1. Given N5, N32, which one is at pLDDT 95 or above, within 25 Å of R333 (Cβ to Cβ) and in contact with a helix residue (DSSP H, G or I) (Cβ under 9 Å, 6 or more places away or on another chain)?
2. Can you tell me which residue within region 324-339, out of those that are in contact with a Pro (Cβ under 9 Å, 6 or more places away or on another chain) and within 15 Å of P256 (Cβ to Cβ), is surrounded by the fewest Cβ atoms within 10 Å (Cβ to Cβ)?
3. Is it true that S412 is touching a helix residue (DSSP H, G or I) at 6+ places or on another chain (Cβ under 8 Å), assigned to a strand (DSSP E or B) and surrounded by fewer than 20 Cβ atoms within 10 Å (Cβ to Cβ)?
4. Which of the residues spanning region 211-244 are hydrophobic (A, V, I, L, M, F, W, C) and within 29 Å of E407 (Cα to Cα)?
5. Taking T352, is it surrounded by fewer than 20 Cβ atoms within 10 Å (Cβ to Cβ), of a type outside the set (D, E), within 23 Å of D251 (Cβ to Cβ) and touching a helix residue (DSSP H, G or I) at 6+ places or on another chain (Cβ under 6 Å)?
6. Which of the residues belonging to region 340-349 are in contact with a helix residue (DSSP H, G or I) (Cβ under 6 Å, 6 or more places away or on another chain) and either within 27 Å of L24 (Cβ to Cβ) or buried (at least 19 other Cβ atoms within 10 Å of the Cβ) (or both)?
7. Within region 247-261, can one find any residue that is farther than 25 Å from K427 by Cα and in contact with a Ser or Thr (Cβ under 6 Å, 6 or more places away or on another chain)?
Amino acid sequence: MNERNFAIKALVDVEQGGYSSELLSNIPKSLNSQLVRQIVLGVIENDIFLKMAIKEELDRPEKNLPLKVSTILKVGVYQKFFMDSIPDYAIVSESLKSCEYFKVEDYKGLVNSILRNIKRFKIEDKISKMPSVNDRLKMDYSVGDDFYDFLIKNYKVKTIRKILKSYKEIPEFVIRINKLKTNKKEVESSMKGLGIEFEDHPFLENALIINNPSGLFETDIFKNGYFTVQGGASILASMVLNPVKNSKILDICAAPGGKTCHLAEIVSNTGEILANDLHNHKIEKIKENSRRLGCKNIKYSNFDGTLFKEELVESFDYILLDAPCSGSGIVSRNPEIKLRRTKSEIENLVYTQRKIMDNCLKYLKNGGYLVYSTCSIFKQENEMQRKYFLDRYEELKPINFKYRANEISYLSLMPYERGTDGFFIAKFQKNI
């Protein structure tokens, strides 16, 4: 399988519910990973534009093409419009070979005709004549109707432009120094010796932004567990929970385990942490991370957080609820989110968040602390949920915490801020 066909297969998998970040982490070493990533992410980032361009060339635009055929066409049109280094004849030739590879030879004539005749300026002219700024933004940034409707409900157009622009940018590569094994000074010294370029994180003392991460996972400092890759807001969530030593802690939606391992570091491997996730295969990833980082106080389970567990009632001093959410704050890592997330999905997620919170409060001891967080920028999952929790639960009170030397009652981070994804953090205490 060459780069082009790997990219086509990944895009088909994304259309069927996969996530690009997971699929692109499994590119064979024999392939040019940079080219694969450019094609996959480029097609997703321009999906609506590409679909419109192809539809304009069809004799029967209402007819749905087989998924593999439409994907082969989108890759070809993307290369023709956005990758000037590839000659048109090569794009057509390779697309026809892809038809053979994916056993859709009957469509070679259609693919050949569209890729030879399609003209970018015709589509751009049509877009420029759209009367609505919202329609143009949805087209320019390839945003699905439902997702855009939630943006409009939450933000003004000026802010939406900033959000959508940030979605197209390469996310910053943030690492957290693992104080169970080393310190920041030692890691910085090692990185300088390896020629790794880095800078201080804007609001976290024990984190760095890496500017040239290629090859970082092959270094001894990674293999020995001196640091882990973790987003700035994710690091902050564990710091806001701030458990004391010898505590009993529940991380109820723990995968991939960055926050779990950070909690182990904060309490210096004392007490006990229960790392739970709905999906058993994700528990293996948490175990892998915890072994590398030297975390020794973690136990594991995989139950559904929405289902009540009698045996856990009033068992924990601290609970971290990093809730399942729309992912609207991490679209730069999984751009398909803005295309396929539906209104009903988001409404169901809001309900799921409330069900998990119901159970977590039963698991929390009197006087215990809970942090609720999401990687969402939608107020329906964040500020409105916080208000719902405080209105619903008499025993719950909000707890202020510090961020950049300011005391705040909750934190909403935007994806265009330095050193972070879009994220929400709120802290509560269960009254005695």
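1. Numbers: N32 fails: at pLDDT 95 or above.
On inspection, the qualifying residue turns out to be N5.
2. In this case the residue turns out to be R333.
3. On the way: touching a helix residue (DSSP H, G or I) at 6+ places or on another chain (Cβ under 8 Å): yes; assigned to a strand (DSSP E or B): yes; surrounded by fewer than 20 Cβ atoms within 10 Å (Cβ to Cβ): yes.
Yes, satisfied.
4. Taking region 211-244 and keeping what is hydrophobic (A, V, I, L, M, F, W, C), we get 216-217, 221-222, 227, 229, 233, 235-237, 239-241, 244.
If the condition is that a residue be hydrophobic (A, V, I, L, M, F, W, C) and within 29 Å of E407 (Cα to Cα), then F227, V229, A233, I235, L236, A237, M239, V240, L241, V244 are the ones that fit.
5. On the way: surrounded by fewer than 20 Cβ atoms within 10 Å (Cβ to Cβ): yes; of a type outside the set (D, E): yes; within 23 Å of D251 (Cβ to Cβ): yes; touching a helix residue (DSSP H, G or I) at 6+ places or on another chain (Cβ under 6 Å): no.
Here the answer is no, as T352 does not meet what is asked.
6. So the first thing to find is which residues in region 340-349 are in contact with a helix residue (DSSP H, G or I) (Cβ under 6 Å, 6 or more places away or on another chain), and the list is 341-343.
Passing the criteria: R341, T342.
7. Looking through region 247-261, none of the residues is farther than 25 Å from K427 by Cα and in contact with a Ser or Thr (Cβ under 6 Å, 6 or more places away or on another chain).
Residues are listed down the side, and each one gets a yes or a no for (1) touching a Pro at 6+ places or on another chain (Cβ under 6 Å); (2) assigned by TED's automatic domain parsing to the domain that holds N400; (3) closer than 24 Å to D358 by Cα:
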site: N224; (1), (2), (3): no, no, no
site: S238; (1), (2), (3): no, yes, yes
site: P256; (1), (2), (3): no, yes, yes
site: E272; (1), (2), (3): no, yes, yes
site: R291; (1), (2), (3): no, yes, no
site: N297; (1), (2), (3): no, yes, no
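The values are calculated or read from the model by the stated rules, or taken from the named source; none is laboratory data. Fair warning: this is a prediction, and the values are worked out from it, not measured in the lab. All Cβ positions, even for glycine, are placed from backbone atoms using ideal geometry, and neighbour counts span all protein chains on display.
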